[in-house]
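Okay, structure first, notes after.
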Amino acid sequence: MSVTVNHAKRAFKYRFYPTDAQAAELSRTFGCVRKVYNLALAARTQAWARQERVNYNATSAMLTAWKKTEELAFLNEVSSVPLQQTLRHLQNAFTQFFAKRAKYPRFKSRKTSRKSAEYTTSGFRFKDGRLTLAKMADPLDIVWSRPLPEGAEPSTVTVSQDAAGRWFVSMLCEDPAVKPLPASDAAIGIDVGLDHLLTLSTGEKVANPRHERRDRTRLAKAQRKLSRKAKGDGANRAKARRKVARIHARIADRRRDMLHKLTTRLVRENQTLVIEDLTVRNMVKNHTLARAISDASWSEFRSLLEYKAAWYGREVIAVDRFYPSSRLCSVCGTLQDKMPLSVRTWTCECGATHDRDVNAAKNLLAAGLAVTVCGAGVRPQRSSPGGQSATKQKTPRREP
């Protein structure tokens, strides 16, 4: 009797360099995808105003009718697969909206929206390590920076172009390497910050690389040059805009690489990881710290940590943001009245001297472990695989 093993799916992203003909075909596809998405969104919005519901099947029928009109006949020039996929994405966006997990879908902009197109198995051919998309005669020139899993067959392929003009292809494949790791008793508390990106309950501190600050001078110079260009679709302004985008991409790439390495290490070494449930969107409203908080990218760190924990059978616990982890003595439990940010070390009445961040990480770990033991005070705060939230009832508000 054979047993079928279902492995987790993982996206493998690579750069590629299209020919002029391929670039033109993909640019047309991006434009058609955006056009179909906006037409379908407009149709569904108008139907909603009439208190009617329009689903994916209805918009798919509309797409067939649009292709037969003289005005939208150009939709026939590109592969139909990405056009159908964008309707499915719109359907998912409305599903998230009706479930109150997202805002109402917005129209795609030619200048600011992400340029991408998704192909399912009927829209591409992958053979002997060569990927050929529908409506193209030649395979893409992909830079294989890392190998695909042995025998992997992509189920979907997403082609995109970023603001810096770089082309990427992302292939979704089953990865046998993504499986639960052996269970362990290791647990760790993680306190995020600005002076140090992370402080662990073990006492380890991870330096904040401040990627944006390192390129701030170059970025400011490029932005000044862009501001002096005449507004419009001129070539000079487009060139200046791409230069700014390349600097932003360089910053984002370095930050993402560092966060991937860091979260992978933490997940592999620990069974339970306890973090604080911070509302970053509110914290960046502080104009003094907004730039530094955005550069630290706490939200991306949490997102990476949670999905990798789900992959490898680990547990992420988020402690309520009002839990006074900085003001609570991790030795005797005494709660200090206040703890200004300028105070980095303090001594408790019991005689214990604490590093502010290490003490906070230890308290977060204790609060998270209390949840795993008794399950008390658990309430959902953020929808994510492999994550849960912990809170202490009637705890004082944490000082900023």
Karplus-derived HN-Hα couplings along the stretch 173-190 (A = 6.51, B = -1.76, C = 1.60, θ = phi - 60°), whole Hz, x at Gly and Pro: 9, 6, 10, x, 6, 8, 8, x, 7, x, 5, 9, 9, 5, 9, 8, x, 10
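What list do you get for 30, 98 if you sort them by fewest beta carbons within 10 Å? Could you put the intermediate results ahead of the total?
Values: 30 22, 98 11.
Listing 30, 98 from fewest to most nearby Cβ atoms yields 98, 30.
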19 Å Cα-Cα reach of residue 108 towards aspartates and glutamates, excluding residues that sit fewer than 8 places from it in its own chain: 118, 162, 233
Amide H contacts of residue 181 (H built 1.01 Å from N, under 5 Å, at least 5 apart or other chain): 313
Exposure proxy ranking, count of Cβ atoms within 10 Å, fewest first, for 37, 307: 307, 37
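With r defined as the distance between the Cβ atoms of residue 170 and residue 335 and R0 fixed at 35 Å, what FRET efficiency is calculated, to the nearest 0.05? Could you put the intermediate results ahead of the total?
Numbers: r = 48 Å, r/R0 = 1.38.
Rounded to the nearest 0.05, the efficiency is 0.15.
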Packing rank of 164-177, 337-350, where each peptide gets the mean count of other beta carbons within 10 Å, highest leading: 164-177, 337-350
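Report the full-extension gain for the segment residue 52 to residue 76: residue separation times 0.36 nm, less the Cα-Cα distance, to one decimal in nm. If you can, show how the numbers build up before the last one.
Details: separation 24, 0.36 × 24 = 8.64 nm, distance 2.88 nm.
The residue 52-residue 76 span can extend by a further 5.8 nm.
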Hits among aspartates and glutamates - C-alpha to C-alpha of residue 127 under 17 Å, sequence gap 8 or more where chains match: 138, 141, 150, 153, 174
Among 192-200, 269-277, the order from most to least packed when residues are scored by Cβ within 10 Å on average: 269-277, 192-200
Sequence of 253, 357 once ranked by neighbouring C-beta atoms within 10 Å, starting from the fewest: 253, 357
Flagged links, alpha-carbon separation over 18 Å, of 9/179; 9/135; 68/111: 9/135; 68/111
Calculated from backbone phi, Karplus (6.51, -1.76, 1.60) coupling profile of the stretch 279-287 in Hz, x at Gly/Pro: 9, 5, 4, 7, 5, 6, 6, 6, 5
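How large is the helix-only mean residue ellipticity at 222 nm for the chain, computed as the sum of -39500 (n - 2.57) over DSSP H runs with n ≥ 4, divided by its residue count, in deg cm²/dmol to the nearest 500? Walk me through the numbers on the way to the answer.
Values: 10 runs with 156 residues, N = 400.
Only helices count here, giving -13000 deg cm²/dmol.
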The stretch 75-154 - percent relative contact order, Cα under 8 Å, separation 6 or more: 25 percent
Over the stretch 9-174, relative contact order from alpha-carbon pairs under 8 Å, at least 6 apart, %: 34 percent
Distribution of pairwise C-alpha distances over the chain, 20 Å bins, in %: 21, 49, 27, 3, 0
In Hz, Karplus ³J(HN,Hα) per residue of the stretch 110-118 (6.51, -1.76, 1.60; θ = phi - 60°; x = Gly, Pro): 5, 8, 10, 6, 5, 8, 7, 8, 10
Relative contact order of the chain, defined on C-alpha pairs under 8 angstrom at six or more residues apart (%): 15 percent
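Each value in this text was obtained by applying a stated rule to the coordinates, not by laboratory testing. Just so it is clear, the structure is predicted and the values come from calculations on it, not from any experiment. Neighbour counts run over all protein chains shown; Cβ positions are idealised from the backbone, glycine included.
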